[in-house]
Each structure stands twice: as C-alpha cells, then as structure tokens.
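Everything on this sheet refers to the single structure shown next.
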Amino acid sequence: MNTVFETQLKKAKTYFIAPLIVCLVAAASYLFSDIVGYRVVALILLVTVSLIAMFSNIIPVLISAMLSALIWDYFFIPPHFTLHVTDPEDTLMLVMYFVIALVNAVLTFKIRQIEKEAREKEVKANAIKFYNALFNSLSHELKTPIAAIIGASDNLLSDTNKISEDNKHNLLSEISIASVRLNQQVENLLNMSRLESGYIQPKKDWCDVNELVYSVVNRLEEKLNQHELKIEINEKLPLFKLDFGLMEHVLLNLVNNAIIYTTAGTTITIRVDFIKIVKGHFNLSTENINPERDKEITNLVIEICDNGSGFPPDEIQKVFEKIYRLKNSKAGGTGLGLSIARGFVEAQNGTIHLSNLLSGGASFTITIPAEVSYLNKQKNE
C-alpha cells in the first residue's frame, strides 16, 4: 500500500512540477523578450518542453506543451495580454508551434520509452544468461557431493559386516567432506539471493578477530592439509564492532578460493592488522590531536595472500563479477564466492582489493572502518 501511495504521490508532483517549470522559464524569458524577440522565446519554450519530456510521463508533457503555447500567445505575440493574433504570419507560427510542441513532446517521450524497454530487455537477457550459467555450474557442483554422499551411504548400508573399520572411516570421511562442500554451495546460493534482494543488514557486535580467523581455519582444516598456512595477527589488535557471521563467510570464501586455485604445497598467509587515521589532522602524534577538531577512524585490515601463480592481469578486474571463473581454470566452484565476499565487505562500508604480488602469488586485502574497544583486552591481561 505504501509503495502504491508513493507512486501516486510522485505522479501528482510531476503534474505540478512540469507546468511550474514552463511558467518559470516563461517568466524569465519575459524579462528579456524585448531584447531577444518573441520568436526566440518560442524556441526556448520548445526546448523546455523537450527537456520535460525526458523526465516526465506523457500527460504532464502534453499539458506543458499546451500551456507553453497559450503562454507564448498571451504574453509574447503582439498584441500582448490577449489570445487574439492579428498578423497572419504569427497565426501560422502559433499553429505550427502548437503542433511542433505536441509532436516534439510525444516523440521525446516515445524515445525515452524505447530506451527504457531496450534497457529492460538487456537486463532480462543478462539475467537469463546469468541463471543459465549458474544452473550449468550448479548441475556439477551440487550433483558431485550428492553422488558421493549417496554412494558412501549405500556402501555403509549394504553389508556392514564385510566392511572393515578403516573402510567405514574412509566412507564416513567422504560423506563429511561432501556434506561440507554441499553446505557451502547452498550457503553461497542463499547469500547471493540476499545480496540480489538488497536484504543485507549487518548485525554488528564486538568481535575478536583472532577468534574469527581461527574459526575459519578450523572449518577448512581438512582442505588445508596439503597447504602450508601462516597466521600473522597483531598482538595489540583491539576488539572490532563487526558482523561476525558476514566476516566469517568472507574469509571462508577467500581462503577456500586460495585452496582451490593453488597447487599442493603452496603457502597461504592470513595477516591481520589495524590502521588509525585522523581526519582533519596531518600530524598523527597523539599529543597534537584535538578531539573536538579531529576524528580518529580505525580500519581493520585483513590480507589473505599466497605464493602461487597469481591472476592473469587482464582478468583481475573481473574476478568479483557473479559466476565469473578464470579462463583455463580447473573445474570447481560456482564463481559466486568472490562476488559474495565483495558484497558482504561493502555491506559493512569496507573495500576489498585484489593484486598480484611481485614475489609471485596473489593478495586479497580487506579494509573495514569500525568501532574499536580495548576494555575486554585489558581485563583479560
């Protein structure tokens, strides 16, 4: 109901604003009519109607066109302040003005409608392309873990007496790995749906980033077995007011992406630090900071890097696009992870940046401005 009311209110405003613009332009033109002449005023009013047609519906545009013709006749065509026109040439001009104003208004509005329809078709075509690509990707990414779960479950249920304890453990391990993979794909789909609907509302609370990092590492423990992991966290790191759940998904997707697209033995490094920025003051020494004048902002900085082969330079700007997968990359993933990571970071007013390292490999850098607290840290110490 509120949406319908707002739409009707906007339409009502358009009916009022369009004629008002014509009147204001006519009033301004009247001041200079002796200098420019009434025929030039006609051109000015025609341009005004054309501009109105670019932003208004057809009825306000037609009203504006008719109003401009009447104003031009009454105030500008001799004799002034009457609708009567004595000169046959002026009569013909008035008729032509009225026709041109209406035709111009209608054509401009139609062109705008055609452009709008073309944009809608393009958006629809892109949406169809996106969902087709997503369906094709999911047909593999969902079927593979489901098939693994069904196969392992059937073996466990077929004849438990003939299956050794080691085989049972291996089958259960397969089910566990496949379940985690399936759960991750479902989570990515749900998260992308939330991003598409614009429903992301961060629920910020005090967050220990150490706990956040190790929670992610524990969830990916089995996948990290073939990689070397380094964790470097600033010991003086305060508590940050963040959405723990969103940040956990961000780090999960970034670390998982590094695992998938790097070879076994690659080193994955997680670095966490913070930067204090004082706005309005160039000298960052604390004794010179005036709290009433200067504002201190603390940015949480998380870097996830590896010493792999990095990203092709011409594809770095595309990796955050939905369902984008690197050319010549191995199978795995739906191409949603990095897009979701960027969406969740931006939902918290942060930024995420990808670059190739000079020493080899790639680096994702997350920067999020957030409130900080040292109270709990001091109590624990």
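At-a-glance table
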read-out	value
Cα-projected label distance for residue 115 with residue 297, points at 7 Å along beta-carbon direction, nm	3.4
Inter-label distance, nm, simple model (7 Å from Cα along the C-beta direction), residue 223/residue 70	6.9
Expected-Rg normalisation [2.2 N^0.38 Å, Cα atoms] applied to region 1-125	1.23
Residue 80/residue 123 FRET efficiency (R0 51 Å; Cβ-Cβ; nearest 0.05)	0.50
Computed E for residue 371/residue 230 - FRET, C-beta separation, R0 35 angstrom, nearest 0.05	0.75
Long-range amide H partners of residue 227 with built H, under 5 Å	265
Potential lengthening between residue 162 and residue 190 on full extension [0.36 nm per residue; Cα-Cα distance subtracted]	6.0 nm
Entries in 204/322; 276/322; 13/110; 124/204 that, when Cα-Cα distance is taken, lie over 30 Å	276/322; 124/204
Relative contact order computed over region 2-116 (Cα-Cα under 8 Å; 6+ residues apart), in percent	28
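Read the figures in this text as sums done on the coordinates, not as results from a lab. Everything quoted here is computed from the prediction, not taken from an experiment. We place every Cβ from the backbone using ideal geometry, glycine too, and count neighbours over all the protein chains shown.
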